[in-house]
Structure formats: C-alpha cells, structure tokens
Amino acid sequence: MKLHQLRPAKGSVRKNKRLGRGQGSGGSTAGRGHKGAQSRSGYHKKIGFEGGQMPLQRRTPKFGFKNNNKIYYKPVNLDLLEELAKKTGSGTISLDVFRKNGLIGKTDKIKLLGRGELKSKITVEAHAFSEKASKAIEQAGGTVTKLA
C-alpha cells in the first residue's frame, strides 16, 4: 500500500447537510423546528441552562463568605526552625532564608508557632509569633523581630 492509495473506510465519511439551502436541506425550517428562541438567528443557549428547570448552580445551597481583610499566615514551628538553623549555620533567619528553603512563597506571611524545642541561639524575623514561640526563642538566647 502506498500513500496515494490511502482512503477512509467505506461509510465512515459523510457529507454535512447544508441547512437552509432549499427544500432538500430540511425544508423551510432547516432542521430547527417551528418557532421559539432556538429557531431564530443569533440564538445562544446560556451556560448552565437546563431548559427552564432551576439550574444546578441556583439549586445548591450557599453559605458563608470569604473575608477579604483576613490575613493568612503560613505556620512555622520551632522544630522546623531548629532544623533550618542547623542547615544554614547562621544566627539569623530572615524571610529570604525561608524563601530559599521553599517554606514560603513570594507574598506569604509567616507565623511562628511553639511546637518542638529550640536549642540554638538565633535571631528570627517573621510577621507574627505565638507567645510560646517568642518565649522559647528568647529563653534560648535569641531575639524576635516582628515585621509589618
């Protein structure tokens, strides 16, 4: 078999019906039926339209709301801070250190939480601290810097 001998299987390819082109193409209505919005030109069905039945997005119950003023923090615990201090070997842990180690994104805010133990003396920069976390850092001899 050669390229010029290739043909689609018999009966698999049909010509499209040319609607609205005289009697042979579905008569005067061209396959659209009689009257109604769907028979008219420029008809476009709305997304989610269910033929007049109450659509799904309106049937389902809705509750709650999203507070646009709420500040979402990424939690970082003391045990993770200890690992980070050992890994970097520096006495200061800033936002850049968190970003370089993949703990936060570019616009994320950090809150330090008090799970785990902290043994190394470090200076930490974050947006928020829990009481337990700030006490633990200061007891280990470190300092806490709260960012705006």
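Filtering the stretch 130-148 down to residues that are assigned to a loop (DSSP other than H, G, I, E, B) and not aliphatic (A, V, I, L, M), which residue is surrounded by the most Cβ atoms within 10 Å (Cβ to Cβ)?
To start, the set of residues in the stretch 130-148 that are assigned to a loop (DSSP other than H, G, I, E, B) comprises 130, 140-142, 147-148.
Next, from what is left, pick out any that are not aliphatic (A, V, I, L, M): 130, 141-142.
Working: 130: 16, 141: 12, 142: 20.
Among residues in the stretch 130-148 that are assigned to a loop (DSSP other than H, G, I, E, B) and not aliphatic (A, V, I, L, M), the one surrounded by the most Cβ atoms within 10 Å (Cβ to Cβ) is 142.
What are the residue pairs meeting all of these: first residue in the stretch 55-72, first residue more than 16 Å from residue 109 (Cα to Cα), second residue modelled with pLDDT under 95 and not hydroxyl-bearing (Ser, Thr, Tyr), Cβ atoms under 6 Å, and 6 or more apart or on different chains?
Note: pairs meeting the criteria are 55/48; 57/48.
Which of (1) loosely packed, with under 10 Cβ neighbours inside 10 Å; (2) assigned to a helix (DSSP H, G or I) is the odd one out, the single condition residue 42 does not satisfy?
Residue 42 satisfies every listed condition except (2).
May I ask you to list the residues in the stretch 18-32 that are surrounded by fewer than 10 Cβ atoms within 10 Å (Cβ to Cβ) and in a loop (DSSP other than H, G, I, E, B)?
Once the filter is applied, which keeps residues that are surrounded by fewer than 10 Cβ atoms within 10 Å (Cβ to Cβ) and in a loop (DSSP other than H, G, I, E, B), the stretch 18-32 yields nothing.
Give the stretch 49-101 a look and list any residue that's in a strand (DSSP E or B) and surrounded by 10 or more Cβ atoms within 10 Å (Cβ to Cβ), or say none.
50, 73, 74, 75, 76, 77, 92, 93
The values are calculated or read from the model by the stated rules, or taken from the named source; none is laboratory data. Note that the coordinates shown come from a computational prediction; the quantities given were computed from them, not determined experimentally. A quick note on method: Cβ atoms are made from the backbone with ideal geometry, for glycine too, and the neighbour counts reach across all protein chains shown.
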